[in-house]
Amino acid sequence: MELRKLLAKRIRAAREQLGLTQNQLAEMAGFSSSQIISQIEKAERDIKAWELLHLARALKTDVAALLAENASAPMAHVLWRKTPTQNRRLLESDFLQRCKEYALVEKLNDIKIGHQLPVTAVELSSMTFQDAEKMGREIRDILGLGNRPASCLSNMLENKYGVKIWYANLGEDGSAASTKGPFGLGVLINSAEAPWRRNYSFAHELFHLLTWDAVAFTEQTEGESSDRTEKLAEAFASTLLLPDKEMEELLKNRVKNNKIEYAGLVEIAREFGVSTIALLWRLKNLRYLNSDAVHNLENDLDFQQLDRNVRHGAWNMPPAIPERFVRLAFMAFQNGKLSRAKLAEFLRVSLLDLSDFLLEYGLDDTKDYKTVVHTGGR
């Protein structure tokens, strides 16, 4: 097929897949009018190199995919806790493109992930909440998360198991998502959430990754897991992050005459890096609280205010780009496997701002980091 017609077909298909109008694509690509997009999609004009690059970025793909002789493979499925009401396709495409880039910089650095997440052969339709809790205990031990799992879970998933972790501001109502594809496993976390909620999201999405092959195909194609699957994931996440034995040790020092102060509850939640709501429901499952007590505390304004006061100052935003990804991309650049322009593209900054951006991560592109140290040949 003639190149102009091939690009016309690919660009239109990619635009429609993302649910973009020609006006929206023109704006995202930095074009002066939608007429340019119309002419390109009708194969009425050639595309300049810079135009093709900008279109690829706007369409959350790369130039090679647009120029490939054969159509690219279908997009990997993205499973949402709650499907976004706006820009779902754009968010998914950007997330998947990020995961592909992450896998590429690992490959360019000859990094092979030596550990695989354990395959969990389950039937979700018959899985009980007790099964999910048991699974949470077992996975915590297998991953070696220790007695404060929230403090190391994301680092363990990313560095040891190669899970591609990305963040995006999904707003107050946004939720996390997970995916599996040729690039491996990926998790998208809402950067607008509090740190303790992000910890819970990591554990929650881990359940989906572990049970990915057991999820009904309809859930993956529709993009949102079922209510029952979500409740199983919640049971798993709570048990994973709040170990029974360690919980009970802390409670012994705080429960007097079958009562515990508000401050004690908030401090325990903070100790384990989870929200107070997650802690309350975990205590309910361990039979320290009943459902009425949990509901009352959820609606208690004094309890909510104390929680906010204690947590004040503990909020931190995740980096715009994962530190590990930045380091790997920079190493590939230093070793001549990634051009400076491609490095800037991967880091979503202009060439002009690249040096300053790298310095924010402690990397100086004027220095040579390739000096080696002999390790003794073991």
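We did not get these values from a lab; they are worked out from the coordinates using the rules stated. Keep in mind it's a predicted model, so treat the numbers as computed, not measured. When we count neighbours, we look across all protein chains shown, and the Cβ atoms used for this are built from the backbone with ideal geometry, even at glycine.
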Mind jotting down the distance between the C-alpha centroids of region 105-143 and region 152-189, whole Å?
14 Å
Given a cut-off of 20 Å, name the pairs among Lys231/Lys259; Lys60/Lys100; Lys82/Lys134; Lys112/Lys164; Lys231/Lys284 whose C-alpha atoms lie farther apart than that in the structure shown.
Lys231/Lys259; Lys82/Lys134
Need one number: nm distance between label points at Asn335 and Tyr361, each 7 Å from Cα along Cα→Cβ, rounded to one decimal.
1.5 nm
Computed, not fitted: 222 nm per-residue ellipticity of the chain from DSSP H runs ≥ 4 (each -39500 (n - 2.57)), nearest 500, equal to -16000 deg cm²/dmol
Give a quick list of GluC sites (Glu not before Pro) in region 288-355 that DSSP marks as loop, anything other than H, G, I, E or B, with at most 14 other Cβ atoms within 10 Å.
none
Once amide H atoms are placed 1.01 Å from N in the peptide plane, what residues at a sequence separation of 5 or more from Ile165, or on another chain, have their amide H within under 5 Å of its amide H?
Val187
Just to check I understand the Karplus step: with θ = phi - 60° and J = 6.51 cos²θ - 1.76 cosθ + 1.60, what whole-Hz values come out for region 279-287, glycine and proline as x?
5, 4, 6, 5, 5, 5, 5, 8, 6
Of all C-alpha pairs within region 3-72, those more than 16 angstrom apart amount in percent to 37 percent
Whole-Hz Karplus couplings 3J(HN,Hα) for region 85-92, θ = phi - 60° and coefficients 6.51, -1.76, 1.60, Gly and Pro as x, run 7, 10, 6, 4, 5, 5, 4, 5
Is the shape of region 258-310 rounded, prolate or oblate, going by the alpha carbon gyration tensor and its root eigenvalues a ≥ b ≥ c, with a/c under 1.5 for rounded and a/b larger than b/c for prolate?
oblate
